[in-house]
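Engineer: Structure in structure tokens, see below.
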């Protein structure tokens, strides 16, 4: 037993700390930072709307949860200033990936903005993974760029930690469904009513709803398999760490899951749907060409 | 440490950010549910559904829901009605809307979505006219 644990620990250690081609890390850096920049631009109007809400509506979460409700409010000029500063930092990090402070400041700013946006009675869950990925990247060594990146390798652990975070978030969601959803979830009843409730609420509040939902919602036989599939995909997330093929297969399946959520519930999880959420998994098993060449020599 | 923190919400039932147990898809919704909303009314009394931006000043529908629910719970529906009416008057959309009402409607949610079934019950909390 101890031997198995030791062997497993060494294998995990080898995988986690094996180097990666510098260009792969640079691609990952730019994909995550670019996603955060895009999200900052499109969400700033919403964050400004939140800043205009009454303090009585505040329900602090995360890093703001230790503050009293009436003290978490950021004024609109502060939110705008923070969004502009974080956005500028993200742009600088894209153009000059090796500048350390730009990404660090932006990751903290992004965390404050997204936390503030989620501190008004409802956590939206669409930016959790991006926030976590950005924080880990900010704490990681910066990837080599330009001439220094060609043919070179660099620390691979940031990509693998990002991959682990992706896997863990889906695993936690799957465990929650099994733990709290029970037989109602597995039967499809919970999912069926959730689809009906969510889309009807959107219609009543004049928002965009799924055009497919009215056609599907009366047929419970669809939602049972759908609910089981959702749980299976989430609980199977750790299999993505076995190897590159399973990583790509699981990522494609999870992507389809998000496409289905968009189609049936009109809920957009943009970070997974553009593929960046799964990119660390695809890159974590890349061979280190320079080390292979050295070994061959 | 980052991985352990991400897994930690498994041990607790409270949601958070960015560390969460992602409970949004396991909330049980009953077959018959009430919804609080702000609706516009045209000259014939027909309901016109207003956008979240008009209702709550936010693009997120969840915030619009929370705004109306808070007004109903706190009995401040007349004040909310007035704010919504002001936004309607200032907006270039919804020109057909002549008044605003804050309502609580009860629906059998599956027929309501599938067949556009009318609400089982409707309670009006406040009404106010648009001043243009």
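Engineer: Normalising by the residue count of chain A, find the relative contact order in percent from Cα pairs under 8 Å and 6+ residues apart.
Structural biologist: Relative contact order of chain A: 22 percent.
Engineer: Ok, one more. Distance between the C-alpha centers of segment A:264-282 and segment A:28-100? Whole Å please.
Structural biologist: 20 Å
Engineer: Rounded to a whole number, what is D in µm²/s for segment A:71-179 from Stokes-Einstein with the Kirkwood radius over alpha-carbon pairs (25 °C, 0.890 mPa s)?
Structural biologist: 155 µm²/s
Engineer: Working from the alpha-carbon coordinates of segment B:1-46, get Rg over Rh, Rh being the Kirkwood radius.
Structural biologist: Rounded to two decimals, Rg over Rh is 1.35.
Engineer: List A:75, B:122, B:37 from most exposed to least, where exposure is judged by having the fewest other Cβ atoms within 10 Å.
Structural biologist: In order of increasing Cβ crowding within 10 Å: A:75, B:122, B:37.
Engineer: Angle, helix B:77-90 long axis vs. longest principal axis of chain B, Cα atoms, 0 to 90°, nearest 10?
Structural biologist: Taking Cα atoms only, the helix is inclined about 70 degrees.
Engineer: Just checking the output field for A:214-222: average partner chain Cβ neighbours within 10 Å of each residue's Cβ? Present the calculation step by step, with values, prior to reporting the outcome.
Structural biologist: Working: counts 6, 2, 2, 7, 5, 1, 1, 0, 0.
Per residue, the number of nearby Cβ atoms from other chains is 3 on average.
Engineer: Evaluate 2.2 N^0.38 Å with N set to the residue count of segment A:133-259, then give the Cα radius of gyration divided by it. Mind dumping the intermediate values first?
Structural biologist: Numbers: Rg = 19.6 Å, N = 127, 2.2 N^0.38 = 13.9 Å.
Normalised Cα radius of gyration, segment A:133-259: 1.41.
Engineer: Which of A:219, A:133, A:189 moves most in a GNM of chain A, Cα contacts under 10 Å?
Structural biologist: Of A:219, A:133, A:189, the Gaussian network model singles out A:219 as fluctuating most.
Engineer: Counting each DSSP H run of 4 or more residues in the protein assembly as shown as -39500 (n - 2.57), what helix-only mean residue ellipticity at 222 nm follows after dividing by all residues, to the nearest 500 deg cm²/dmol?
Structural biologist: Per the formula, -18000 deg cm²/dmol.
Engineer: Also, quick follow-up: Before anything else, pin down the relative contact order of segment B:7-132: Cα pairs under 8 Å, at least 6 apart, normalised by residue count, whole percent. Working shown, then result.
Structural biologist: Values: 197 pairs, mean separation 33.2, N = 126.
Across segment B:7-132, relative contact order equals 26 percent.
Engineer: Counting pairs of Cα atoms in segment B:69-132, how many percent are more than 16 Å apart?
Structural biologist: 56 percent
Engineer: Separate question: So if we plug the beta-carbon distance of residue A:244 and residue B:124 into 1/(1 + (r/R0)^6) with R0 = 60 Å, what FRET efficiency do we get, rounded to 0.05?
Structural biologist: The computed FRET efficiency comes out at 0.50.
Engineer: Please report the spacing between the Cα centers of segment B:71-107 and segment A:182-238 in Å, no decimals.
Structural biologist: 30 Å
Engineer: Once fully extended, how much extra length lies between residue A:104 and residue A:5, figured as 0.36 nm per residue of separation less the alpha-carbon to alpha-carbon distance? Please report the intermediate quantities before stating the final value.
Structural biologist: Working: separation 99, 0.36 × 99 = 35.64 nm, distance 3.59 nm.
Answer, rounded to one decimal: 32.1 nm.
Engineer: Related question: Once every Cα of segment A:1-104 carries one equal point scatterer and solvent is ignored, give the base-10 log of I(q)/I(0) from the Debye formula at q = 0.11, 0.13, 0.15, 0.18 Å⁻¹, two decimals.
Structural biologist: Per q value, in the given order, log10 I(q)/I(0) is -0.58, -0.71, -0.80, -0.92.
Engineer: Now, a different point. Using a Förster radius of 51 Å, what is the FRET efficiency between residue B:116 and residue A:85 based on their Cβ-Cβ separation? Nearest 0.05, please.
Structural biologist: Computed FRET efficiency for residue B:116 and residue A:85 comes out at 0.60.
Engineer: Can you sort A:112, A:178 so the residue with the fewest Cβ neighbours within 10 Å comes first?
Structural biologist: Going from sparsest to densest Cβ surroundings: A:178, A:112.
Engineer: Would you kindly work out the equivalent ellipsoid of segment A:114-168 from its C-alpha gyration tensor and give its semi-axes, the square roots of five times the eigenvalues, largest first in whole Å? Don't jump to the answer; show the numbers that get you there.
Structural biologist: Details: eigenvalues 192, 30, 11 Å².
That gives 31, 12, 7 Å for the three semi-axes.
Engineer: In the calculated pair distance distribution of chain B, what percentage of Cα-Cα distances lie above 21 Å?
Structural biologist: Considering chain B, 52 percent of its Cα-Cα pairs are separated by more than 21 Å.
Engineer: For helix B:61-74, what angle does its Cα long axis make with the longest principal axis of chain B, in degrees from 0 to 90 and rounded to 10?
Structural biologist: Compared with the principal axis, the helix lies near 70 degrees.
Engineer: Along its three principal axes, how long is the protein assembly as shown when you only count alpha carbons? Whole Å, largest extent first please.
Structural biologist: 85, 50, 35
Engineer: To continue, here is another question. How would you rank A:43, B:46, going from fewest to most other Cβ atoms within 10 Å of each one's own Cβ? Mind dumping the intermediate values first?
Structural biologist: Working: A:43 20, B:46 11.
Taking fewest neighbouring Cβ atoms as first place, the list is B:46, A:43.
Bear in mind these aren't lab numbers, they're just calculated from the coordinates by the rules spelled out. Predicted model only: the values in this text are computed from it and were never measured. Cβ atoms come from the backbone with ideal geometry, glycine included; neighbour counts cover every protein chain shown.
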